Amino acid sequence: MMAALAALPSASVALVVTRAATLGVKSGIAVAMGIVCGDLVFVALAILGLSVVAETMGGFFILVKVLGGMYLIWLGISLWRSNDEPVDIATCSIGNAKRGLTTSFVSGFILTLGDVKAIFFYASLLPMFEDLSTLAVFDLITIVSIIVFGVGGVKILYAVFATHVARFLERRKLQKVSKKVAGGLMIGAGSYLIVRT
């Protein structure tokens, strides 16, 4: 069920695809790991019974959501404006690559934290399958594994697919088109995040 939900088109899928298509599969994977870590924060809150705290901190989550949306829009506009500068993944310096991976991870994490409904999803879903008051270590490992492999695995598949599509477009000399599409996806994802506030 987690994999099916992760596969649905969403702002997180758009972010994974955009970062992978423009910066390479490692950036797409970094976004996926940020998304997984954000989900794990919500799972921890649900398990610890802090969904009430998250609900009372709604203003903070709205702020994170708006700032995350604005950040995604800024990244998208940056892609649109860098039209004449081709992205050559093979020649990126180590420092730039590390910065790009960090930015990708943080983008995925912030995007997920901005999704307040995720905590309510986990707070309502987990009790259906487990008695949260009697969770054992094995149960926690199972829940974390399902999140990591279900959500992370699907997002990584999106990253790999997007990288292949970007390389195909690059070989066909359509990289400017792919950057426009990627920028549009990021602007759309950011706008979606802000509008749903």
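The values are calculated or read from the model by the stated rules, or taken from the named source; none is laboratory data. All values reported here derive from a predicted model rather than from experimental measurement. Glycine gets a Cβ as well: all are built from the backbone with ideal geometry, and neighbour counts include every protein chain shown. When the accessible area is computed, the model is the full protein with side chains, heavy atoms only, and any ligands, DNA or RNA have been set aside. Shrake-Rupley method; radii C 1.70, N 1.55, O 1.52, S 1.80 Å.
Could you list, ordered by first residue, the pairs with Cβ atoms under 9 Å in which the first is in region 3-17 and open to solvent by less than 40 Å² (accessible area, probe 1.4 Å) and the second is part of a loop (DSSP other than H, G, I, E, B), at least 6 apart or interchain?
The qualifying pairs are A11/G114; A11/D115; A11/R196; S12/D115.
Give region 7-25 a look and list any residue that's under 19 Å from E170 (Cα atoms) and either touching a Phe, Trp or Tyr at 6+ places or on another chain (Cβ under 6 Å) or among the charged types (D, E, K, R) (or both), or say none.
Matches in region 7-25: V16, V17, R19.
Would you call G152 in contact with a helix residue (DSSP H, G or I) (Cβ under 6 Å, 6 or more places away or on another chain) and modelled with pLDDT of 70 or more?
yes
Just one of the numbered conditions (1) in contact with a Lys or Arg (Cβ under 7 Å, 6 or more places away or on another chain); (2) at pLDDT 80 or above is not true of L193; which one?
Result: L193 passes all but (2).
Given the structure, is A166 crowded, with 21+ Cβ neighbours inside 10 Å, at pLDDT 75 or above and of a type in the set (G, A, S)?
yes
Checking T142 against (1) modelled with pLDDT of 80 or more; (2) open to solvent by less than 50 Å² (accessible area, probe 1.4 Å): exactly one of these is not met. Which one?
T142 satisfies all of (1) modelled with pLDDT of 80 or more; (2) open to solvent by less than 50 Å² (accessible area, probe 1.4 Å) except (2).
Is it fair to say V137 is within 17 Å of G34 (Cβ to Cβ) and at pLDDT 75 or above?
Judged against the criteria, V137 is not a match.
Please list, ordered by residue number, the helices (runs of 4 or more DSSP H) wholly in region 23-128 having 3 or more residues that are open to solvent by 50 Å² or more (accessible area, probe 1.4 Å) and at pLDDT 70 or above.
25-47, 58-81, 94-113
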